[in-house]
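Visitor: Structure incoming, see below.
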Amino acid sequence: MERNLRNVLVISFGFLLLFTAYGGLQNLQSSLHSEEGLGVASLSALYAALILSSMFLPPILIKKLGCKWTIAGSMCCYIAFSLGNFYATWYTLIPTSVILGLGGAPLWSAKCTYLTIASNSYAEKAGKNGKDIINQYFGVFFLIFQSSGIWGNLISSLVLSQASNKEEISEENLACCGAYDCMTDTTNTTGSAEPSNSLIYTLLGSYTASGVLAVLLIVIFLDQIKSDQAETEKEILETPSFWSTFLATFQHLKDKRQCLLIPLTMYSGFEQGFLSGDYTKTYVTCALGIHYIGYVMICFSAVNSLSSLLFGKISQFMGRKLLFALATVTNTACIIALLLWKPHPKQLAVFFVFPALWGLSDAIWQTQTNGLYGILFEKHKEAAFANYRLWESLGFVIAFGYSTKLQVYIKLYILLSVLVLSMVTYGAVEYLEAKSSPGAPTATKKEN
């Protein structure tokens, strides 16, 4: 096997193992650690740390340690989070969440840098177009990585379903599920008695082992960037000081279009935060039991992955406006239905319909918003995507931050309000683009 492709596969399977653990654990936080909102508070702290990390750490760590050791070190931050869950208190889980957040941005930046260098190296040897190889290698990576959502959630459901103390859910307890929840910790485990410590430790042990295997895979099998590639690495990492990068991020807000895209970008964080923090807790765990979370989120992950692939291909024919309209209608319908629906175990299929539709719309938000940033801000991509990470992470922080303070119906109204505002400001961006460049819509449609 060609060496560069082998390295791509090593990184891909390393990320698969790492996010099999993290993805499954993130979806369980609000239900597993519901006391005083510890689980969602940890996620809020995680994304707050990720905001700081994305603005300062990646260029520094990659230059000092190189891509391989930045990836390995950042993966250890994820393992720390798994370990913090073994004895979950405010003094263990919050610090380990912050550690994970700090490691998140360098991990993804180092991965992108490594894959880009590997792509250019192979393209040069084979006499092929560098961009084509980059697209090919990133396609291989995401094909393998995206399945982590399935495996992580499958592990959690298979382990937690072993609980022998499942209980019948009373109608009184079911009345506390859904949009008009009772705002008490007891609603989080009405579907079944709390899993035993031994089952929780088995699950956490599996996730920790998966993370450790990911680090070992990188350390043992991933090649260092060769000396003859040093110049390539230097070019890719040729960035200003982190203060300059920090200032460039906020200077980019002088662009009206960037300011108008803030609600849309934050909405991405809000909607993902609602699904993993509130839907899993107040609908699934409350009415069915914690062991169903994994199965429900597998449905979300599978539809999300397939839809991302589908919309990536058909966007050139439909255009992003129609796709954004489809996502808006789908999300709005889901929000209204969640406001009206009273979850009940007899309606098992309905619990899977919502994450499936959510996965479809989320695929559009992710693919089209990223594509929109790349097209609108082609000359200032670094500052633009720094803003993307900043505002999406802020959406997560806010969504998890008020998770334990408000009833679900209020959160759904907030979600709907942000969605409406997002579409109004997005429409303004499209108007400005059409006004400034009459020929742009056609070109944009082709690019997107």
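The values are calculated or read from the model by the stated rules, or taken from the named source; none is laboratory data. This is a predicted model, so every value here is computed, not measured. In this analysis, Cβ positions are derived from the backbone assuming ideal geometry, glycine residues included, and neighbour counts consider all displayed protein chains. Each accessible area value is taken on the protein alone, full model and side chains, heavy atoms only, with ligands, DNA and RNA left out. Shrake-Rupley method; radii C 1.70, N 1.55, O 1.52, S 1.80 Å.
Visitor: Across the stretch 398-407, which residue is modelled with the lowest pLDDT among those that are surrounded by fewer than 22 Cβ atoms within 10 Å (Cβ to Cβ) and assigned to a helix (DSSP H, G or I)? Outline the logic, then answer.
Guide: Here is the first cut: in the stretch 398-407, the residues surrounded by fewer than 22 Cβ atoms within 10 Å (Cβ to Cβ) are 398, 401-402, 404-407.
So of that shortlist, the ones also assigned to a helix (DSSP H, G or I) come out as 398, 401.
On the way: ILE398: 91, GLY401: 84.
The residue in question is GLY401.
Matching residues to (1) assigned by the TED database to the domain that holds LEU38; (2) of a type in the set (Gly, Ala, Ser); (3) more than 28 Å from SER305 (Cα to Cα):
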site: LEU65; (1), (2), (3): yes, no, yes
site: ILE79; (1), (2), (3): yes, no, no
site: SER97; (1), (2), (3): yes, yes, no
site: LEU102; (1), (2), (3): yes, no, no
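Visitor: Considering each of ALA118, ALA110, ALA80, ALA123 in turn, give the residue that is aliphatic (A, V, I, L, M), open to solvent by less than 50 Å² (accessible area, probe 1.4 Å), touching a helix residue (DSSP H, G or I) at 6+ places or on another chain (Cβ under 6 Å) and free of Cβ contacts under 8 Å to residues at least 12 places away in the same chain. Walk me through it before giving the result.
Guide: Values: ALA118 fails: free of Cβ contacts under 8 Å to residues at least 12 places away in the same chain; ALA110 fails: free of Cβ contacts under 8 Å to residues at least 12 places away in the same chain; ALA80 fails: free of Cβ contacts under 8 Å to residues at least 12 places away in the same chain.
Only one candidate qualifies: ALA123.
Visitor: Of the numbered conditions (1) more than 17 Å from the chain's Cα centre (by Cα); (2) closer than 29 Å to VAL159 by Cα; (3) of a type outside the set (Phe, Trp, Tyr), LEU65 fails exactly one; give the number of that condition.
Guide: (2)
Visitor: Out of all the residues in the stretch 41-92, which are under 20 Å from VAL8 (Cβ atoms) and touching a Gly at 6+ places or on another chain (Cβ under 6 Å)?
Guide: Passing the criteria: only SER74.
Visitor: Step by step: first the residues of the stretch 84-113, then only those that are out of contact with any Phe, Trp or Tyr (no Cβ under 7 Å at 6 or more places or on another chain) and of a type in the set (Gly, Ala, Ser), then the one that is nearest to GLY66 (Cα to Cα). Which residue is that?
Guide: ALA110
Visitor: Ok, one more. Does the stretch 216-255 hold any residues that are among the charged types (D, E, K, R) and either buried (at least 16 other Cβ atoms within 10 Å of the Cβ) or modelled with pLDDT of 90 or more (or both), and which are they?
Guide: Of the residues in the stretch 216-255, the ones among the charged types (D, E, K, R) are 223, 226, 228, 231, 233-235, 238, 254-255.
Hits for the stretch 216-255 are ASP223, GLU233, ASP255.
Results for (1) under 30 Å from PHE56 (Cα atoms); (2) assigned by the TED database to the domain that holds ASN85; (3) modelled with pLDDT under 80, shown as yes or no for each residue.
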| residue | (1), (2), (3) |
| --- | --- |
| ALA110 | yes, yes, no |
| ALA118 | yes, yes, no |
| LYS125 | no, yes, no |
| LYS166 | no, yes, yes |
| SER170 | no, yes, yes |
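Here's the yes/no breakdown for (1) crowded, with 22+ Cβ neighbours inside 10 Å; (2) among the aliphatic types (A, V, I, L, M); (3) modelled with pLDDT under 85:
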| residue | (1), (2), (3) |
| --- | --- |
| CYS259 | no, no, no |
| PHE274 | yes, no, no |
| ASP278 | yes, no, no |
| SER305 | no, no, yes |
| VAL329 | no, yes, no |
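Visitor: Which of the residues belonging to the stretch 280-299 are open to solvent by 20 Å² or more (accessible area, probe 1.4 Å) and touching a Ser or Thr at 6+ places or on another chain (Cβ under 9 Å)?
Guide: Taking the stretch 280-299 first, the residues open to solvent by 20 Å² or more (accessible area, probe 1.4 Å) are 281, 292, 295, 298-299.
Matches in the stretch 280-299: LYS281, TYR292, TYR295, ILE298.
Visitor: A further question follows. Is there a residue in the stretch 333-353 that is open to solvent by 10 Å² or more (accessible area, probe 1.4 Å), under 22 Å from ILE262 (Cβ atoms), in a helix (DSSP H, G or I) and not assigned by the TED database to the domain that holds VAL159? Reasoning before the result, please.
Guide: Restricting attention to the stretch 333-353, the residues satisfying the condition of being open to solvent by 10 Å² or more (accessible area, probe 1.4 Å) are 333, 336-337, 339-342, 344-350, 352-353.
Now restrict to residues that are under 22 Å from ILE262 (Cβ atoms): none.
Among the residues of the stretch 333-353, not one is open to solvent by 10 Å² or more (accessible area, probe 1.4 Å), under 22 Å from ILE262 (Cβ atoms), in a helix (DSSP H, G or I) and not assigned by the TED database to the domain that holds VAL159, which makes the answer no.
Visitor: If you don't mind, another one. Do you know which residues across the stretch 74-94 are in a helix (DSSP H, G or I) and within 20 Å of the chain's Cα centre (by Cα)? If you could, list the steps in order and put the result at the bottom.
Guide: Going through the stretch 74-94, the residues in a helix (DSSP H, G or I) turn out to be 74-84, 93-94.
Listed by number, the residues that qualify are SER74, MET75, CYS76, CYS77, TYR78, ILE79, ALA80, PHE81, SER82, LEU93, ILE94.
Visitor: Any idea how many residues of the stretch 173-203 are over 20 Å from LEU154 (Cβ atoms), open to solvent by less than 40 Å² (accessible area, probe 1.4 Å) and at pLDDT 70 or above?
Guide: The qualifying residues number 6.
Matching residues to (1) among the polar types (S, T, N, Q); (2) touching a Ser or Thr at 6+ places or on another chain (Cβ under 6 Å); (3) in contact (Cβ under 8 Å) with a residue 60 or more places away in the chain:
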site	(1), (2), (3)
LEU25	no, no, yes
LEU32	no, no, yes
ALA49	no, no, no
ILE60	no, no, yes
TRP69	no, no, no
LEU93	no, yes, yes
THR96	yes, no, no
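Visitor: Take GLY37 and decide whether it is of a type in the set (Gly, Ala, Ser), touching a helix residue (DSSP H, G or I) at 6+ places or on another chain (Cβ under 9 Å), more than 20 Å from PHE396 (Cα to Cα) and open to solvent by less than 20 Å² (accessible area, probe 1.4 Å). First the steps, then the outcome.
Guide: Details: of a type in the set (Gly, Ala, Ser): yes; touching a helix residue (DSSP H, G or I) at 6+ places or on another chain (Cβ under 9 Å): yes; more than 20 Å from PHE396 (Cα to Cα): no; open to solvent by less than 20 Å² (accessible area, probe 1.4 Å): yes.
Taking the combined requirement at face value, the residue does not satisfy it.
Visitor: Could I ask something else about it? Take the conditions at pLDDT below 90 and not aliphatic (A, V, I, L, M) and apply them to LYS411. Does it pass? Give the steps one after another, and end with the answer.
Guide: Working: at pLDDT below 90: no; not aliphatic (A, V, I, L, M): yes.
The answer is no for LYS411.
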